[in-house]
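In what follows, a structure is listed as structure tokens, so that the remarks can point back to it.
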């Protein structure tokens, strides 16, 4: 049975990406990092592993072309926040770290509050606070 999931992302500069994700509050698992070629960032209290691989290395693993994030994205990575204030704090950290906020913190659908950003390699991320008590019942 599957026990864990690792998300693998191509990056142009592993050290630049590590610095960015550290600045916004994600932790680095040095045990699963390898100098300039790969790094492991841990997201959330469940410590979801996102592996950052130098583009040419990931291309060898997947035996396929790397998507050009200037032209499109296949996924958006979403993570939760404990409060609206945490969303606002994360947005400030992302901006200070050099990320691009493409959707500023705002209310959505009456029960969510969040923002979305682009990391240094063009991958899109979304931070959300969800007040389930305000979600419409169907």
Subject >> Residue-averaged [θ]222 nm for the chain, counting only DSSP H segments that reach four residues, each worth -39500 (n - 2.57) >> reply: -6500 deg cm²/dmol
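Compute the relative contact order of the range 71-138 as a whole-number percentage, counting only Cα pairs closer than 8 Å that sit 6 or more residues apart in sequence.
Result for the range 71-138 is 36 percent.
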Original post:
When the chain is modelled as a GNM with alpha-carbon springs shorter than 10 Å, which of 123, 104, 64 fluctuates the most?
Top reply: 64
Subject >> Global geometry of the range 1-66, whether rounded, prolate or oblate, following the gyration tensor of its Cα atoms and the 1.5 cut on a/c >> reply: oblate
Subject >> Modelled FRET efficiency - R0 25 Å, residue 74 with residue 12, Cβ distances, 0.05 increments >> reply: 0.90
**OP:** Round to the nearest 10 and give me the degree value, 0 to 90, for the angle of helix 84-96's Cα axis relative to the longest principal axis of the chain.
**Re:** 40 degrees
Original post:
Using alpha carbon centroids, what distance separates the range 67-97 and the range 5-21, in Å?
Top reply: 14 Å
Original post:
Anyone know which of 69, 37, 45 comes out most mobile in the 10 Å Cα GNM of the chain?
Top reply: 45
**OP:** Would you mind ranking 136, 92 by Cβ crowding within 10 Å, fewest neighbours first?
**Re:** 136, 92
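First check a/c for the range 71-138, with a ≥ b ≥ c the square roots of the eigenvalues of its C-alpha gyration tensor; if it is under 1.5, answer rounded, and if not, answer prolate when a/b is larger than b/c or oblate otherwise. Can you show the working numbers first?
Values: a/c = 2.74, a/b = 1.57, b/c = 1.75.
Since a/c reaches 1.5 but b/c is at least a/b, the shape of the range 71-138 is classed as oblate.
Any read-out appearing in this document is the output of simple, stated calculations on the displayed coordinates, not a laboratory observation. Predicted, not measured: the structure shown is a model, and the values here were computed from it. Reconstructed Cβ throughout: ideal geometry from the backbone, glycine too, with neighbour counts over all protein chains shown.
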